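S.K.: Please read through the structure below; I'll follow up with questions.
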């Protein structure tokens, strides 16, 4: 990455004249090469930040620029049986055997402009969107979504039907971060810039977002997003879908409970033994 590329993207993003200039396209193409190679990221680790991560707003601006400077084209495999139409800036990502990414046949798609590391396994059908970063030896299981700009660490398992939200807009917002060695169980949803620390386990059906606090039964704490900080799941936490009783009004009278994620334990040898099978599938 160079300062000149950052300046070019910033200038192009601010230009609302409607003109598609050659210089803008060249800057976008350079950005996309960097995204594909993993040299440029929408968010990256930053020890000086309270969250441990920083957002690269200019990268998100560049991704949005790509939609603005391109037209919808026909990318159909078969115009009659399987018609597809999309922006010319974002074709399907080109992979070769040298990339050592397993894309199992059956309807998966990886959009151009994202990084997929060596040893990643893609089970059909799954989808990885532009701007995402999926690090080495991670498994993206069937019907799973990795949203635009989401950051997935090494050796993670994104289980079947899980949704990892992206957060492309607003450009200053933190995308969803899943750090190394995290197991995301089936039918989970992680949204709105949530950060899941290393080695955490999300049990089946767990939903994490800015609106719902997480109750830590082990440490006696409640974790919630603030205006300045995303929701952060601690390292090694084992989170399951739980509920809490409504304490007043009609909710109490009717015996209603609300969904909430609950940390029931922290990862130990017993937890590791239960998820050891994941290594055999890679």
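S.K.: Of the numbered conditions (1) crowded, with 16+ Cβ neighbours inside 10 Å; (2) modelled with pLDDT of 95 or more; (3) out of contact with any helix residue (DSSP H, G or I) (no Cβ under 9 Å at 6 or more places or on another chain); (4) under 26 Å from residue 119 (Cα atoms), residue 231 fails exactly one; give the number of that condition.
M.R.: (4)
S.K.: What's the total number of residues in the range 133-146 that are touching a residue at least 40 places away in the same chain (Cβ under 8 Å) and within 14 Å of residue 38 (Cα to Cα)?
M.R.: Counting residues in the range 133-146 that are touching a residue at least 40 places away in the same chain (Cβ under 8 Å) and within 14 Å of residue 38 (Cα to Cα) gives 2.
S.K.: Can you name every residue in the range 35-50 that is in a loop (DSSP other than H, G, I, E, B) and buried (at least 17 other Cβ atoms within 10 Å of the Cβ)? Let's see the steps before the verdict.
M.R.: Pass one, the range 35-50, residues in a loop (DSSP other than H, G, I, E, B): 38-42, 46-50.
Listed by number, the residues that qualify are 40, 41, 42.
S.K.: OK, next. Considering the range 78-90 alone, what residues qualify as being in a loop (DSSP other than H, G, I, E, B) and within 20 Å of residue 130 (Cβ to Cβ)? First the steps, then the outcome.
M.R.: Kept after step one, since they are in a loop (DSSP other than H, G, I, E, B), are these residues of the range 78-90: 79-81, 83-84, 88-90.
Passing the criteria: 84, 88, 89, 90.
S.K.: Looking only at the range 191-208, count how many residues are within 30 Å of residue 10 (Cβ to Cβ) and either free of Cβ contacts under 8 Å to residues at least 40 places away in the same chain or surrounded by fewer than 22 Cβ atoms within 10 Å (Cβ to Cβ) (or both). Reasoning before the result, please.
M.R.: From the range 191-208, those within 30 Å of residue 10 (Cβ to Cβ) are 191-195; that's our starting set.
Of the ones still in play, those that are also either free of Cβ contacts under 8 Å to residues at least 40 places away in the same chain or surrounded by fewer than 22 Cβ atoms within 10 Å (Cβ to Cβ) (or both) are 191-194.
Within the range 191-208, residues that are within 30 Å of residue 10 (Cβ to Cβ) and either free of Cβ contacts under 8 Å to residues at least 40 places away in the same chain or surrounded by fewer than 22 Cβ atoms within 10 Å (Cβ to Cβ) (or both) number 4.
S.K.: How about the range 205-220: which of its residues are over 16 Å from residue 178 (Cα atoms), touching a strand residue (DSSP E or B) at 6+ places or on another chain (Cβ under 8 Å) and at pLDDT 95 or above? Even if it seems obvious, please write down each step before you answer.
M.R.: Pass one, the range 205-220, residues over 16 Å from residue 178 (Cα atoms): 205, 211-220.
Imposing the further condition that a residue be touching a strand residue (DSSP E or B) at 6+ places or on another chain (Cβ under 8 Å) reduces the set to 205, 212-219.
Hits for the range 205-220 are 205, 213, 214, 215, 216, 217, 218, 219.
S.K.: In the range 107-119, which residues are free of Cβ contacts under 8 Å to residues at least 40 places away in the same chain, crowded, with 19+ Cβ neighbours inside 10 Å and in contact with a helix residue (DSSP H, G or I) (Cβ under 9 Å, 6 or more places away or on another chain)?
M.R.: 116 - this is the single residue of the range 107-119 that is free of Cβ contacts under 8 Å to residues at least 40 places away in the same chain, crowded, with 19+ Cβ neighbours inside 10 Å and in contact with a helix residue (DSSP H, G or I) (Cβ under 9 Å, 6 or more places away or on another chain).
S.K.: If you check every pair at least six apart or on different chains, which have Cβ atoms under 9 Å apart with a residue in the range 34-56 that is in the same structural domain as residue 233 (by TED's automatic domain parsing) first and a residue that is surrounded by fewer than 17 Cβ atoms within 10 Å (Cβ to Cβ) second?
M.R.: none
S.K.: Scanning for something touching a strand residue (DSSP E or B) at 6+ places or on another chain (Cβ under 6 Å), crowded, with 18+ Cβ neighbours inside 10 Å, more than 20 Å from residue 153 (Cα to Cα) and not assigned by TED's automatic domain parsing to the domain that holds residue 178, does the range 66-87 turn up at least one residue?
M.R.: No: the range 66-87 contains no residue that is touching a strand residue (DSSP E or B) at 6+ places or on another chain (Cβ under 6 Å), crowded, with 18+ Cβ neighbours inside 10 Å, more than 20 Å from residue 153 (Cα to Cα) and not assigned by TED's automatic domain parsing to the domain that holds residue 178.
S.K.: Residue under question is residue 149, and the condition is that it be closer than 28 Å to residue 226 by Cβ and touching a residue at least 40 places away in the same chain (Cβ under 8 Å); does it hold?
M.R.: yes
S.K.: Can you pull out the residues in the range 152-196 that are touching a helix residue (DSSP H, G or I) at 6+ places or on another chain (Cβ under 8 Å) and over 15 Å from residue 43 (Cα atoms)?
M.R.: 157, 183
The values are calculated or read from the model by the stated rules, or taken from the named source; none is laboratory data. All of these numbers come straight from a predicted model, not from anything done at the bench. Every residue, glycine as well, gets a Cβ built from its backbone with ideal geometry; the counts of neighbours run over all protein chains shown.
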